[in-house]
Amino acid sequence: MDLFAGLPEPLARAWERSLTSGRAAHTRRRFLAASGALAAGAALTGCGIAGSGDGEKDTGDKAAAAKDYSAKEKKVVFSNWPLYIDVDDKDENRRPTLERFQQQTGIEVKYTEDINDNVEFFGKIKPQLAAGQDTGRDLMILTDWMAGRFIRAGWAQRLNPANLGNVVTNMEARFRNAAHDPGRQFTVPWTGLSTVIAYNKKTTGGKKIESVSQLLGDSSLKGKVSLLTEMRDTVGMTLLDMGKDCTKFTDDDYDAALAAVQKAVDSGQIRRFTGNDYTEELAKGDIGACLAWAGDIVQLQADNEDIEFVIPAKGYLYATDDMLIPAKARHQANAEALMNFYYDPKNAAELAAWVNYISPVAGAKEELARIDESLANDPLIIPDQAMIDGGHVFMDLDEAKASAYEDKFAKLIGA
């Protein structure tokens, strides 16, 4: 439990659930890797970051800038999740976009896939960060809530907009601001993540499942519904279904959402609460309908024509995996050059064609159509206007609120 030192017990338990079975344990392109089938402006300025006190020293944007050796040392050390970048179909050791970046800039990329989940990676580098030392990394990909923790602790370098022309010009509108990073002063989205409804039409007899209300109350689905062990996903989607604003809600709203889920649990409607292991049961039809992560569904549909997804009329949740430069990084300008490279629509399209997650880059759709038109027309990768309009983020929580909410949710799901 050293990874969770300093956190209240409810938050520690929630993080442990996430690490072992939740979104933090979600392996990128897990199904494609298993099957071997590869799928075919606002400037970055803004207000100061208010801390929320999550166990680290709350220094917000006051971290001292590190000396930048980019001009003398033409290199960048990049930490990412496994299978979260394009790979050559004929040679898995080659990463075409990274090779092109190196050729165009002369900057050598040391690329490592050493992030298997947010919490584990945080525990690995926290001692260096807390001691004010270089982590040996210039760029890393963190899910937004973890990136926010770095920012609040003063462990992220403020970005230089002068080095990010493509980012400033091409970042898709809904990603330009974020609760965890107002004004995108410290982070740039790598991909977007969406929570939607999925169902197996063979199990439902062709019936379309369109709302959380159906998940919780449609008797034809009794015992065949799964919800997620991640509090923000399950409660956030329920709040939206109830007509509440999941970016700003009251304690009474939260309790009402929990009560709706509890009623479905007590009636036997809910089969179980899952991490990303819902995918196997959904594919087999043991789960008829569920809350799901969009990246899973894109990949499940490639192998199973019975799998469908729905963007609920009342909305869905989205989050981001973000590029962040850690405090004391030696090569900030080089890392920013890499960030900027992936906001060229052509490069963004090549990345999206392989990872199958939402591209945050305007103009990527047209480039992706040249690679695979079906991917370009998939709203789970390139959101259409209806999907953009339906996206919501979960309210930013301080430590006390997050702890109280996680404690109630843990009791509901029996964790």
**Request:** Using the structure shown, decide if THR203 is among the hydroxyl-bearing types (Ser, Thr, Tyr) and open to solvent by less than 30 Å² (accessible area, probe 1.4 Å).
**Result:** no
**Item:** Residue satisfying all of: in the range 261-278; over 26 Å from the mean Cα position of the chain (by Cα) and assigned to a helix (DSSP H, G or I); surrounded by the fewest Cβ atoms within 10 Å (Cβ to Cβ) among these
**Value:** ASP266
**Request:** Hey, can you tell me all the residues within the range 164-183 that are among the aliphatic types (A, V, I, L, M) and not in a helix (DSSP H, G or I)?
**Result:** LEU164, MET171, ALA178, ALA179
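Condition check ((1) modelled with pLDDT of 95 or more; (2) of a type in the set (S, T, N, Q)) across all residues:
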position	(1), (2)
THR238	yes, yes
ASP266	yes, no
ILE270	yes, no
THR274	no, yes
ASP277	no, no
GLY288	yes, no
**Request:** Might you check whether a residue that is under 30 Å from PRO127 (Cβ atoms) and modelled with pLDDT under 95 occurs anywhere in the range 320-331?
**Result:** yes
**Asked** Which condition does PRO96 not pass, out of (1) open to solvent by less than 70 Å² (accessible area, probe 1.4 Å); (2) over 17 Å from GLU350 (Cα atoms), if it passes all the others?
**Response** (2)
**Request:** List the number of the failed condition for MET171; all other conditions in (1) surrounded by fewer than 20 Cβ atoms within 10 Å (Cβ to Cβ); (2) within 27 Å of VAL298 (Cα to Cα) hold.
**Result:** (1)
**Prompt:** Does any residue of the range 104-124 turn out to be at pLDDT below 85 and surrounded by fewer than 18 Cβ atoms within 10 Å (Cβ to Cβ)?
**Reply:** yes
**Message:** Condition first: closer than 24 Å to GLY268 by Cβ and more than 25 Å from the chain's Cα centre (by Cα). Can you find one or more residues in the range 229-243 that meet it?
**Reply:** no
**Fill in**
Residue hits (the range 147-184; of a type outside the set (Gly, Ala, Ser) and in contact with a His (Cβ under 9 Å, 6 or more places away or on another chain)) are ARG149, ILE151, ARG152
**Asked** If only one of ALA364, ALA386 is in contact with a Pro (Cβ under 8 Å, 6 or more places away or on another chain), over 21 Å from VAL188 (Cβ atoms) and not assigned by TED's automatic domain parsing to the domain that holds ARG100, which one is it?
**Response** ALA386
**Tally of residues being part of a helix (DSSP H, G or I) and in contact with a helix residue (DSSP H, G or I) (Cβ under 6 Å, 6 or more places away or on another chain) across the range 83-103** = 2
**Prompt:** Which residues, taken from the range 279-318, are small (Gly, Ala, Ser), open to solvent by less than 10 Å² (accessible area, probe 1.4 Å) and touching a Phe, Trp or Tyr at 6+ places or on another chain (Cβ under 8 Å)?
**Reply:** GLY288, ALA289, ALA292, ALA294, GLY295
**Prompt:** Of all residues in the range 249-260, which are open to solvent by 60 Å² or more (accessible area, probe 1.4 Å) and within 18 Å of ASP218 (Cβ to Cβ)?
**Reply:** none
**Prompt:** Does LEU338 qualify as being open to solvent by less than 30 Å² (accessible area, probe 1.4 Å), at pLDDT 90 or above and outside any strand (DSSP E or B)?
**Reply:** yes
**Message:** Quick check on ALA329: is it under 22 Å from GLU230 (Cα atoms), out of contact with any His (no Cβ under 7 Å at 6 or more places or on another chain), surrounded by 19 or more Cβ atoms within 10 Å (Cβ to Cβ) and not charged (D, E, K, R)?
**Reply:** no
**Message:** Contact list please: Cβ distance under 7 Å, first residue in the range 386-401 and closer than 15 Å to ARG149 by Cβ, second residue hydroxyl-bearing (Ser, Thr, Tyr) and modelled with pLDDT of 80 or more, pairs at least six apart or on different chains.
**Reply:** LEU397/TYR405
**Prompt:** Which residues, counting only those in the range 137-160, are open to solvent by 40 Å² or more (accessible area, probe 1.4 Å) and at pLDDT 95 or above?
**Reply:** ARG158, ASN160
**Prompt:** Taking ILE209, is it open to solvent by less than 20 Å² (accessible area, probe 1.4 Å), in a loop (DSSP other than H, G, I, E, B) and touching a helix residue (DSSP H, G or I) at 6+ places or on another chain (Cβ under 8 Å)?
**Reply:** yes
**Prompt:** Say we look at the range 346-396 and pick out the residues that are over 17 Å from the mean Cα position of the chain (by Cα) and outside any helix (DSSP H, G or I); which of these is surrounded by the most Cβ atoms within 10 Å (Cβ to Cβ)?
**Reply:** ASP378
**Message:** Conditions first: (1) closer than 28 Å to ASP88 by Cβ; (2) open to solvent by 10 Å² or more (accessible area, probe 1.4 Å); (3) not β-branched (Val, Ile, Thr). LEU324 passes all but one, so which condition is the exception?
**Reply:** (2)
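The values are calculated or read from the model by the stated rules, or taken from the named source; none is laboratory data. As the structure is a computational prediction, the values presented were derived from the model and not from experiment. So basically every Cβ, Gly included, is an ideal-geometry build from the backbone, and we count neighbours across all protein chains shown. Ligands, DNA and RNA are stripped out before the accessible areas are found, and what is left, the full protein with its side chains, is counted by its heavy atoms. Shrake-Rupley method; radii C 1.70, N 1.55, O 1.52, S 1.80 Å.
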